Amino acid sequence: MNSLSAQKSPYLLQHARNPVDWFPWGEEAFRKAGEENKPIFLSIGYSTCHWCHVMEKESFEDEQLAAILNKSFISIKVDREERPDVDNVYMTVCQALTGTGGWPLTIIMTPDKKPFFAATYVPKDSRFGMTGLTEILQKIDDLWRNKNSDILLSAGRVSSTLENNSGKTFNAEPEKDLSEKSADDIAMDFDKVCGGYGNAPKFPSAHRLIFLLRYWKASGDKEILKQVEFTLGKMRAGGICDQVGGGFHRYSTDRKWLVPHFEKMLYDQAMLAMAYTEAAQATGNTEYSDTARDVIGYVLRDMTSLEGAFYSAEDADSEGEEGKFYLWTYKEIFSVLPKDDALVAIRYFNIDDEGNFTDPIQGNSNKNILHVKKTVEEIAGEFDKTPEEIKTIVSSISARLLEHRAKRVRPLRDTKILADWNGLMIAAIAKFAGAFNSGKHLKIAEKAADFVLGKMRAKNGDLFHRFADGELAVEGQLDDYAFMILGLLELYEAGFDEKYMAAAIELDKILKEKFLDQSTGSYFMTPDNHEKLVFRPKVYFDGALPSGNSVQMLNLLRLSELTGNTAYEETAYKVLKSVAELINGHPGSFTNYLSAVLHSENSSEIIICGDARKEIDRFFDGLRMRYMPFNTLISITANDYNGFAGDYRMLDGKTTFYVCRKRKCSRPVTDIEEALKLIR
């Protein structure tokens, strides 16, 4: 056992029995490297990373390679999900030195954290033009001993360049019509045959779909709505969606959404649940609301702790094979199901005896990824059934297959609880609860929020990033605060419990005090008292997840509307200006910022004053399934006039409704039907 055995991260614990003398990121490792004058071998990955597992088996379980590392290097393992700041800094290094990036991330650096070598996956031995890790380590060991000054000079230059680049500003005035330009840019990559955008591999990019839905709402561009609907339908029917258990895999390796990389990430479930919920509101299509419900159901069944918080991820591999848990043979279907149901399953889920899945290592198999090609109506016609009968049969089939699958060896589940990803999941469930008036889902979101607010904060109110096995670790970073604020605002608008609004305001104050770069208007990734890294990172681009800066920009706009405090709006505009130069040049890469821009251009507030609960509920029930992404809902009881919207009053003791747009309010009304007519 090495020094990782005392860690809580499932990823680090996976490496605790390696012959490599691993250290966790910390002062002990850096002090030892300095005292022994050895370079640091830094390996960054995460528990559900397939190629991280491959590199471990090839290299880190190998006694000979471990001997080289243990003799000449100090080896550090980092869970990128636990230390996103460290990952961001050294991924930036890798991209600068090699032009590419990914995981596993391999860095070699000086004892004072200055990098001079970067790579991603490296085979143990050289092959097909790829230099093996054994050869790389031997060469670097020789250079460190014989040309140390050259290495130190190179590392210093790399670090200085990165530090200078990190201070670069992108301040500018945002151009007009950026949302239209972004939608046009994205539409050019639309796959008219398979849905989605671009070629394989295809990622769901849910925040992009949410932006396009909101752009359609603001512009009326029906073609954009068709693209989004086509994409959502293809993803739901494809192998990227777990047809039996609900939830989505991380991405599709092919154009058709058929063959996924099988890991499941909490953040994907959250973002896609939000996208399908908004699509259901926009179109009234119950397939979208059913999909959102299934995604949330998967998270509640398989990814939720006893305390109500949400786990991070499930691995792609089980029993050493990628996807094995999710695949089915033709014979297996007939062994699990009655013959008549099996025949329906074969047709509905497209299962054949030759299989449709090819293992990337083992080659062809007779296993199948379940996916849907035909509509329920088409399948009904083949079996002389009604569509409703087929729906019932498919539901029964799915339940039986899920029960059978539960007996298999399931993939590793990463049970650490992260504040940022929990914030997204809270937002998704609260949005669903508000849209479909589900008190059950509201309570689930509240329980998760109460866990983070009650168990993942320091005495001074600061957030921690990670909770695992009763232990808090890693001070909160921008995404933790911004994503939790998002979740709290969605919770407030779903249930109007003002304690969540108050908590959002508290977390925003911490962001302002410890993260905000007053000189540019954007937010650093880490607080001002954070440990010193090569540079203090900022994240601007919306990638697999929306950036913390873009999420916080929208949070600020909503806080301004909910409180009437225009200082929030002013701060939001400074965030936009801080990145406007980049957005002007590449609007399609900043869609969550542009969702915030659309909100600012189309926002309205709907305020209801009164304490007649049934009347208030009836009013909001009339709004729930309307698609109103730019509206802010505020409920004020008769005894709460000193709260967040204290300028609004009841008229003649009656429940009173206000609708305000762009700082202008219509006349207050006391009739529900009249109030609903005022709302577009």
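The values are calculated or read from the model by the stated rules, or taken from the named source; none is laboratory data. Remember, it's a predicted structure, so these values are computed and weren't measured experimentally. All Cβ positions, even for glycine, are placed from backbone atoms using ideal geometry, and neighbour counts span all protein chains on display.
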Could you please let me know if SER154 is touching a residue at least 60 places away in the same chain (Cβ under 8 Å) and among the small types (Gly, Ala, Ser)?
no
Filtering segment 249-279 down to residues that are among the hydrophobic types (A, V, I, L, M, F, W, C) and within 17 Å of CYS194 (Cα to Cα) yields TRP257, LEU258, VAL259
Of all residues in segment 638-663, how many are part of a loop (DSSP other than H, G, I, E, B), at pLDDT 70 or above and not basic (Lys, Arg)?
6
Only one residue in LYS217, LYS192, LYS202, LYS168 is at pLDDT 95 or above, over 30 Å from VAL20 (Cα atoms) and surrounded by fewer than 18 Cβ atoms within 10 Å (Cβ to Cβ). Which one?
LYS192
Does LEU133 qualify as being closer than 27 Å to VAL579 by Cβ, crowded, with 17+ Cβ neighbours inside 10 Å and of a type in the set (A, V, I, L, M)?
no
Of all residues being among the basic types (Lys, Arg) and over 12 Å from the mean Cα position of the chain (by Cα) in segment 248-300, which is nearest to ALA433 (Cα to Cα)? Just the residue, please.
ARG293
Could you check how many residues of segment 590-626 are under 23 Å from the mean Cα position of the chain (by Cα) and surrounded by fewer than 18 Cβ atoms within 10 Å (Cβ to Cβ)?
0
Answer yes or no as to whether ALA237 is farther than 22 Å from TYR267 by Cβ and crowded, with 19+ Cβ neighbours inside 10 Å.
yes
Do we have LEU370 as closer than 17 Å to GLY246 by Cα and assigned to a loop (DSSP other than H, G, I, E, B) here?
yes
Selected residue [within 28 Å of SER47 (Cβ to Cβ) and modelled with pLDDT under 95] from GLY487, GLY470:
GLY470
Subset of segment 306-333, residues crowded, with 22+ Cβ neighbours inside 10 Å and of a type in the set (Gly, Ala, Ser), comes to ALA309, SER312, ALA313, ALA316, GLY323
From the list ALA448, ALA406, ALA399, exactly one residue is at pLDDT 95 or above, within 30 Å of TYR288 (Cβ to Cβ) and surrounded by 24 or more Cβ atoms within 10 Å (Cβ to Cβ). Which is it?
ALA448
Name the residues in segment 233-281 that are part of a helix (DSSP H, G or I) and acidic (Asp, Glu), would you?
ASP268, GLU278
Which one is nearest to PRO546 (Cα to Cα), of the residues in segment 181-207 that are in contact with a strand residue (DSSP E or B) (Cβ under 6 Å, 6 or more places away or on another chain) and of a type in the set (D, E, K, R)?
LYS202
Considering ALA380, ALA449, ALA435, which residue is more than 30 Å from ASP621 (Cα to Cα) and either in contact with a Gly (Cβ under 6 Å, 6 or more places away or on another chain) or in a helix (DSSP H, G or I) (or both)?
ALA380
Between residues in segment 400-427 that are part of a strand (DSSP E or B) and residues that are surrounded by fewer than 16 Cβ atoms within 10 Å (Cβ to Cβ), which pairs lie under 7 Å by C-beta distance while being six or more apart or on different chains?
ILE417/SER305
